[in-house]
1. Going by C-beta contacts inside 10 Å, put T216, T47 in order with the fewest on the left.
2. Which of D177, D148, D14 ends up with the largest GNM mean-square fluctuation for the chain, with Cα atoms connected below 10 Å?
3. Give, as a single signed number, the net charge of other residues whose beta carbon lies under 12 Å from the beta carbon of G204, with Lys and Arg counted +1 and Asp and Glu -1.
4. Using a 10 angstrom cutoff on alpha carbons, build the Gaussian network for the chain and name the most mobile of H162, H116, H75.
5. Considering Cα pairs under 8 angstrom that are at least six residues apart, work out the relative contact order of segment 1-129 and quote it in whole percent.
6. Largest first and in whole Å, what are the equivalent-ellipsoid semi-axes of the chain based on the Cα gyration tensor, each being the root of 5 times an eigenvalue?
7. Nothing charged except the Cβ atoms of Lys and Arg (+1) and of Asp and Glu (-1): what's the magnitude of the dipole of segment 10-253 about its Cα centre? Round to the nearest 20 debye.
8. Along the charge dipole of segment 58-158, pointing to its positive end and built from +1/-1 on Cβ of Lys, Arg, Asp and Glu, which listed residue (N96, P71, T60) has its Cα farthest out?
Amino acid sequence: MRYGLGVLTQEQVDRYWADGFLAIERLIGPDEVERLRTAYDEIIDGTVASPTQRMLGGITRQVMVPSMVHPAFDHNAALEAGREVMRDLFGCAHANRVFDMLIDKPAGHPHETPWHQDASYMQVPTTPPGFRMPLTQVQFWIALDDVDVDNGCMQFVPGRHHEGTAAHVVASGDPDDSGRLLAYADVAEAQPELAVACPLPAGGATIHTALTPHTTGPNTTTDRARRAYIFNLTAADVPDDRLQDFLRADYVRNPGKIRVP
Ligand SMILES: O=C(O)CCC(=O)C(=O)O
């Protein structure tokens with residue numbers, strides 16, 4: 001299937017659907033990285049007040065919906081490029097932003113973000129096992145610093161996004177609070193031995209489905225920031241015939257595991 005192909009190559013589109021994630025070396029250029037870094041720091045240091053700032057699981061700084069408090073996160077080149085990516089993946093004329101956040105791991109930040117699937121957060125305290133999230137929603141994780149395993153880049157297990165949610169538990173934080181941190185109940189189920197780390201230059205991004213197992217490590221460096229800007233886009237108007245093509249192609253690739261759109 002060839003739809004938009006404004007940002008991604010056909011090979012990248014195919015890889016995304018096969019693996020459930022994709023690393024994009026350059027989503028935005030250095031000027032936009034700089035603008036977003038400045039905005040990011042203004043929120044983290046309190047120059048711009050953000051009532052939705054909290055410690056995820058009591059351990060890692062998270063700012064929910066930064067687009068509400070800073071115009072740089074409401075309109076920027078990453079969102080525009082993200083919408084192009086959605087066109088490439090789904091052939092949709094438009095993609096809605098349904099969520100955005102910042103997760104900050106400064107130098108020396110000691111905590112991992114444990115293995116999880118984003119769909120596990122859909123219910124409080126955790127989504128029941130077997131839940132199948134529509135794959136028409138994509139999470140974008142934009143690196144505003146150069147990232148690798150040492151400062152907490154994203155790591156994924158490929159090819160698992162056609163399974164439903166696994167059992168998750170509250171790793172830390174109040175189980176009834178939306179700021180709780182979730183983790184696979186049995187980490188072996190995530191198959192961390194198959195993890196693919198995604199080092200990126202600043203301005204690069206990863207994209208993944210809500211069912212793709214992923215983690216980030218602590219920032220073990222003494223002098224490197226790790227500022228992640230994250231948003232979710234959902235394909236708003238996938239034409240029926242294309243959705244059908246897309247489902248059929250998915251079914252052919254994954255016999256017996258067709259997902260619910
Ligand atoms: O940025 C991080 O450290 C973790 C991000 C993540 O796992 C997520 O957004 O689901």
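None of the figures in this text is laboratory data; all of them are computed from the coordinates on show. Since the structure is predicted, the reported quantities are computational estimates derived from the model, not experimental observations. Please note: Cβ atoms are built from the backbone with ideal geometry, for glycine as well, and neighbour counts cover all protein chains shown.
1. T47, T216
2. Sorting by GNM fluctuation, first place goes to D177.
3. Working: positive: R26; negative: E25, D145, D146, D148.
It works out to a net charge of -3.
4. H75
5. Numbers: 114 pairs, mean separation 38.5, N = 129.
Normalised by residue count, the contact order of segment 1-129 is 30 percent.
6. Values: eigenvalues 148, 101, 58 Å².
The three semi-axes for the chain are 27, 22, 17 Å.
7. On the way: 19 positive and 35 negative charges, 51 e Å.
Dipole of segment 10-253, to the nearest 20 debye: 240 debye.
8. N96
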